[in-house]
Structures are given as structure tokens and as C-alpha cells.
Number of protein chains: 2
Amino acid sequence: MDITLRPATATDVPDIVAMLADDILGSGRENPAELAPYEAAFARIDADPSQHLLVAERDGRTVGTLQLAILYGLSRQGSPRALIEAVRVRADARGAGIGSELIRLAVEEARRQGCALVQLTSDRTRTGAHRFYERLGFRPTHVGYKLTL
Amino acid sequence: MDITLRPATATDVPDIVAMLADDILGSGRENPAELAPYEAAFARIDADPSQHLLVAERDGRTVGTLQLAILYGLSRQGSPRALIEAVRVRADARGAGIGSELIRLAVEEARRQGCALVQLTSDRTRTGAHRFYERLGFRPTHVGYKLTL
């Protein structure tokens, strides 16, 4: 599939926010009408060499996004691990394998950065996403806890 | 409880590794006899302003550790989130509420850094840990996936 994954730039922020908001859980959490907080967050991500906010393009159009964080830790003999967050595929581009390609490219990047594992969490209600990650070889070995502040 | 949480220094690495290794899952993954990879990882954590490797002290003795990462992202209107990893309490200091105090202090730090939520994953087999996190207000809303590279 002819998808390219590239680092997001400030001009991608509106497209990314639109994808975050066009989602059953995201729709109640995001506010695409007010971009300033997203732009401020983008500046912090962009300044952090361990954070990679990526967009997928197909035929010159943004069709997906995810964030890949490289985390250094002492566990597992000091191996870095990768964390994938905020995976979205544009609604009108779903079902074409873009999500799989997005994850495949992110895993490849994690491997290039020397990570020993890639981790992510998925809301318990997203059963379609669970089948998707299991097909890609991820194992549901953990319980994911959140505490809202 | 008279526990203080402070940033780890390079001299804490052997103590932290000993705690990581003294664990039912960690014992098969860690190698305290070979500290060099841990020291290299510590240098990277220490150089990253978003990563906080912490140790808990009681009566001048190291009794616990955890790693707190502050992650910037676009989701949730650009709110930072905190990720807790590698929580350990020294075996001979367990059962005294040190773990709860460690998490409480980490959550307080996450709040101070403006995080909207704190997240962590716990291996499905650690049922005692699950009860512990639920008592502290964490909700098991997610499935945690890992892909070993």
C-alpha cells in the first residue's frame, strides 16, 4: 500500500484534531473549534525528541495519525520501550488497511530506535480495535488503569 | 507516613535494579550482576526532562521506586498525561503502605505538572496489584497490549 508516514508539522494540527474528534470516545473529549490548546501541545511534542507525532499520507492526503513515544527505563535491562497513543484513521478512509500499515510502520520505527517492546492500551469498549491489535501480533497481557485528575 | 520521594541519582541504580529483579516477573528479565546497561539507561532518563525516575526513602533507606513519565499529546484538548511504570517496593518493606504512599506522591506530582490523567498497566497475573490500584481510585477501563520486538 502506498502510504507514507511522516512527522507532523504545525500545519497538520487541524487535520489531526478533526480525526481525534471524529470518534465515538473522542467526540465528547475534543473541541476542534478551539485550536489554541492543541497548537500549544504540538509545540511541546515537537520540542521533545522522544515524542513522535506522525501522520499517514495517501495520494497527498492525510488519512491517519498516531503518536509514538520512546521511553527509556531501567526495567528489562535498560531497554527502551515504545508507547503508541492516539491512533486514528480518517473516517472516509477506513477499511482499506491504513490502520495496519500505520501500526506496522510505527513498530518498524520502534525497532529502529532499539526498543525491546511496543505497548499500547485500548479502551475496553473498542472490541473492533482489540481484534485489530491481536491480528497484528499484540498480546492483551495487561490491564490498563486510568485515574482522571 | 514518613516517606520521601526524590529523584533517583546514578548511585541509586544498584538499589533500583535489585528491586526490579526481586519480583516474580522481573526475576526472569533482569540481570543485577551486569549494571552497565542500567547505568546507560539511567543517563538517558536523567537527560530527559519528561522522565522522572523516583525513589522512596524511609529512615534514610531506599524502600521503593517508580518511574513517572509526563507525556504531551494532542488528545483531550492537548492535556499532558502521566504514565507510571516500574513500581516496586523493597521486599522486606512491603505491607506497610509504602506502595500507596509512592503512588499518592506520584499522582500529586502529575497533578502539579498539569496532567489530566494518570495511566499505568499491570500484568494480568498481578491480581494483588489490581486490588491495590483499584483501592487508590484507578479504573481498569483499558486492555493493555504488548508486542515484544
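The values are calculated or read from the model by the stated rules, or taken from the named source; none is laboratory data. Because the structure is predicted, anything quoted here is derived from the model rather than measured. So basically every Cβ, Gly included, is an ideal-geometry build from the backbone, and we count neighbours across all protein chains shown. Surface areas here come from the heavy atoms of the whole protein model, side chains and all, with no ligands, DNA or RNA. Shrake-Rupley method; radii C 1.70, N 1.55, O 1.52, S 1.80 Å.
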Charge tally for neighbours of A:Tyr72 with beta carbon under 14 Å away, counting Lys, Arg as +1 and Asp, Glu as -1, is -2
Tell me whether the stretch A:61-124 comes out rounded, prolate or oblate; compute the Cα gyration tensor, take square roots of the eigenvalues as a ≥ b ≥ c, and use a/c under 1.5 as the rounded threshold.
prolate
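Rounded to the nearest whole Å², what accessible area per residue is found for chain A with the 1.4 Å probe? Can you show the working numbers first?
Working: 6620 Å² over 149 residues.
Using a 1.4 Å probe on heavy atoms only, each residue of chain A averages 44 Å².
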With viscosity set to 0.692 mPa s at 37 °C, what whole-number translational diffusion coefficient in µm²/s follows for the protein assembly as shown from Stokes-Einstein and a Kirkwood radius over Cα pairs?
166
Nearest-first distances (nm) between copies at A:Pro49, label 7 Å from Cα via Cβ:
1.4
For labels at B:Arg131 and A:Asp92 in the simple 7 Å Cα→Cβ model, what's the distance in nm?
5.4
Take the rotation relating chain A to chain B, measure from its axis to every Cβ in chain A, and name the nearest residue with the distance in whole Å.
A:Gly144, 2
Looking only at the stretch B:1-19, which residues have a backbone nitrogen under 11 Å from a spot 7 Å from the Cα of B:Leu35 in the C-beta direction?
B:10-18
Point-charge dipole on Cβ atoms (K/R +1, D/E -1) for chain B, about Cα centre, debye to 20:
760
Per-residue Cβ counts within 10 Å, from other chains only, averaged over B:116-125: what number is that?
5
